[in-house]
Amino acid sequence: MRLVTRSSVSLAEQRREQSRRRRVAAGTLGESFPHVQQLRIRLAFQDSAGPGPTGQIHDVYPSAPALFEFPCPHGGCDGGFDLTDAARTLMRASKPYAEGSQQCGGSRASQGPVRQPCTLRLSYRIAVQFEPAAGK
Ligand SMILES: [Zn+2]
């Protein structure tokens, strides 16, 4: 077993590793929610300082990890958005869609060397396509 000291591993690397472990632990969408065919997640961003980053659409299939984390689209920001709870709640409730918003809790360099809170706002819409009910 390889031991690494805290100082030799960057925070970003630690985060990537933690995220990888969470994805493995979460299992796949198909395992956790066999009645779900597909998930479509739309992300729209609003920046207080001007036009936000381009929106995104993510299609998630049963073979994908049942974990819905998205890094902040601002380059250099260490934050991100976690829609895992929202998506899981939605699929458990067997509802077709959910909407909500989150604020980035990360920080990024703006002017000068001092990092500023990011505060980018995300508006999301999660739509679920369920398996057709198995008829009797
Ligand atoms: Zn951010």
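Structure values in brief
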quantity	calculated
Which listed residue, of TYR124, TYR61, TYR97, is crowded, with 16+ Cβ neighbours inside 10 Å, modelled with pLDDT of 95 or more and among the aromatic types (Phe, Trp, Tyr)	TYR124
The stretch 64-78, subset surrounded by fewer than 18 Cβ atoms within 10 Å (Cβ to Cβ) and on the phi < 0 side of the Ramachandran plot, residue farthest from the ligand (Cβ to nearest atom)	ALA64
Hits in the stretch 80-94 - residues which are buried (at least 18 other Cβ atoms within 10 Å of the Cβ) and over 20 Å from VAL24 (Cα atoms)	LEU90
Top-ranked residue in the stretch 108-118 [being modelled with pLDDT of 85 or more and closer than 16 Å to PRO53 by Cα; ranked as farthest from the ligand (Cβ to nearest atom)]	ARG108
Among (1) surrounded by 14 or more Cβ atoms within 10 Å (Cβ to Cβ); (2) among the polar types (S, T, N, Q); (3) free of Cβ contacts under 8 Å to residues at least 60 places away in the same chain, the one test that GLN37 misses	(3)
Flag for LEU83 being of a type outside the set (Ser, Thr, Tyr), farther than 16 Å from ARG121 by Cα and away from the ligand (no atom under 14 Å from the Cβ)	no
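The values are calculated or read from the model by the stated rules, or taken from the named source; none is laboratory data. Predicted model, so just to flag it, every value in this text is computed and none were measured. Note: ideal-geometry Cβ built from the backbone for every residue, glycine included; neighbour counts use all protein chains shown.
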